[in-house]
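Worksheet: the structure to be examined is printed underneath.
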Amino acid sequence: MNKICKAMGVALLALVTLPVSGSAGEGESASLRGQIKALNAKVAELEAMEERLAELESMISGELEQQPVIRAEVDQEGEDYFDIGGALRFNYMYKDWDSKTQDRGGDFDIDTFRFNVDGSFKDVLISAEYRFYGDDGSNYNFLHHGWIGYDFSESVQAQLGVTQVPFGILPYASHNFFFQLPYYVGLEDDYDAGLKLVYDRAPWNLQLAFFKSSEYGAANSERYSYDVVHAEYDGDEYRNEESNQLNVRLAYALDHGQGRGSTELGFSGEVGQLYNSTTEKNGSRVAGAVHLNTTLDRWNLMVEALRYQYNQDNPAGLDDGLVVMGAYDAPYKVARAGNIYMAGLSYSLPVHWGPITDLTFYDDYSFLDKDENDYQDSQQNVLGVAITAGPVYTYIDFAMGKNHPWLGPGWTDSLAGGDGADDAWHSRFNINFGYYF
């Protein structure tokens, strides 16, 4: 607008200074002066309009400067959510060591019915899951996890409650329905009660945690993940329980680029006390692991090596070579110390077969090398395929075990002394499918 006014001013000045032709009369001069006066009035009017326009532009600019703040508030409110979900799963199994199961052609049961609650309000988070089981003729229910969290920033989060222990490959060190041997000694997909801090900023992931106790204390084995529990065998009372546990897990991820996947290298450490309520003294426990988890295109490879050791302070007469661990309301004995080596390989194949969109083929193997010389070592291998069909997910597994409580005729001593004369491989064909909502 200033440029327009200046141009008009120059034009008027030129008009005023033009020489008047000899043929121009007095009337024409008067007419020109009238036109100049009218133009000056127009210029004054335009200048007033320019000042008003500047005021309006200033007001608009001030409002526009506030708009990002308003939009940010809307976006922040849009991040808040509260979701209720769950799953209903069924299971078919055929065991080569169970003649009754073979006579029936296998068994089909309801496996799990679960509820999930997840939510976020501002930077406060909640997550909980409760499960009901009904397989193998048993009926039990328990909390899988439940915690309240807070996001201090995009990369730092705290979780308080029953939360997953940061150890080894997360969230699972396996591809199959049965997990790997670390799960059965409390070192895969374990949950305890305490406080966890997570720092996650690529390529680093650091997790620190303090757990005051296992998720249900020590009294019973009616729980999801394996912990040291109280139990009695042949008049011998084992009264050890986990307390005051510290965990650290550090992982570094290498990105392969172009959406082809990544490779994670990690280290985990765990130390804690083992309180004996009979002697009223504290023993100790320690575990450590190194792992590699790599995904390249459709392939995934998991490799992990770990060591664990329990140093309990039992009363005289008890076998110090073992601890009692429990989950699913069924405790058993476990070698007090050992090394576990495991590897799992999978291949994901996209398909278009009606509702089926993906087939993931895998083979997972793990080996427990027990410190006690007279203990038989335990092994597990699971060959199978996972089928994705919308909200329906299915595992088809051919699982084999040696001195394994879930994959053989023994139970109480399988992960401790072993199955004795039946030191052999046993197999279980298993189909687990469920609807997730």
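Read the figures in this text as sums done on the coordinates, not as results from a lab. Since the structure is predicted, the reported quantities are computational estimates derived from the model, not experimental observations. Neighbour counts are summed over all protein chains in view; Cβ atoms, including those assigned to glycine, are modelled from backbone coordinates with ideal geometry.
Before moving on, here are some points about what is shown:
- Burial ordering of 378, 348, 174, 155, fewest other beta-carbon atoms within 10 Å first: 155, 348, 174, 378
- 3J(HN,Hα) from dihedral phi, segment 331-338, Karplus parametrisation 6.51/-1.76/1.60, rounded to Hz, x for glycine, proline: x, 8, 8, 9, 3, 5, 8, x
- Contact order for segment 84-436, expressed relative to its length and based on alpha carbon pairs under 8 Å spaced 6+ residues apart, stands at 14 percent.
- Principal axis dimensions, segment 161-320 - Cα atoms, whole angstrom, descending: 61, 28, 24
- Segment 206-260 and segment 395-431: distance between their alpha carbon centers, rounded to Å: 23
- Amide H contacts of residue 418 (H built 1.01 Å from N, in plane; Pro and chain starts excluded): 376 sit under 5 Å, all sequence-distant by 5 or more or on other chains.
- A convex hull fitted around the alpha carbon atoms of segment 230-309 yields 116 Å³ per residue.
- You can think of it this way: the chain between residue 150 and residue 233 has 25.5 nm of extra reach, that is 0.36 nm per residue less the Cα-Cα gap.
- Packing around the peptides 110-118, 252-260, 239-247, taken as the average count of other Cβ atoms within 10 Å per residue, puts them in this order, highest first: 239-247, 110-118, 252-260.
- Under 5 Å between amide hydrogens, built in the peptide plane, is the criterion, and for residue 229 it picks out 324, 325, 326 among residues at least 5 positions away or on other chains.
- Spatial offset of segment 114-134 relative to segment 297-373 amounts to 26 Å, using the alpha carbon center of each.
- Computed from phi, the 3J(HN,Hα) profile of segment 384-397 under the Karplus parametrisation 6.51, -1.76, 1.60 (θ = phi - 60°) reads x, 9, 10, 10, 9, 9, x, x, 9, 10, 10, 10, 10, 10 Hz, with x in place of Gly and Pro.
- Between segment 277-294 and segment 159-187, the alpha-carbon centres lie 14 Å apart.
- Residue order, fewest to most beta carbons within 10 Å, for 281, 370, 100: 100, 281, 370
- Separation of the residue 201 and residue 307 label points, Cα + 7 Å toward Cβ, nm: 3.4
- Taking other C-beta atoms within 10 Å as the exposure proxy, 310, 199 rank 199, 310 from fewest upward.
- Interchain or long-range residues, amide H under 5 Å from residue 222's placed H: 329
- Under the Karplus curve 6.51 cos²θ - 1.76 cosθ + 1.60, θ = phi - 60°, whole-Hz ³J(HN,Hα) for segment 316-330, x wherever Gly or Pro sits: 4, x, 7, 6, 7, x, 8, 10, 9, 10, x, 6, 6, 6, 8
- Percent of C-alpha pairs per 5 Å bin, segment 82-197, short to long: 2, 10, 13, 17, 20, 14, 10, 5, 4, 2, 1, 0
- Peptides 175-181, 209-215, 293-299, 231-237 ranked from most to least packed, by the mean per-residue count of other Cβ atoms within 10 Å: 175-181, 209-215, 293-299, 231-237.
- Debye intensity ratio in log₁₀ form over the Cα atoms of segment 84-436, taken at each q of 0.06, 0.12 Å⁻¹: -0.22, -0.95
- Rounded to 5, percent antiparallel among DSSP beta bridges of segment 199-270: 95
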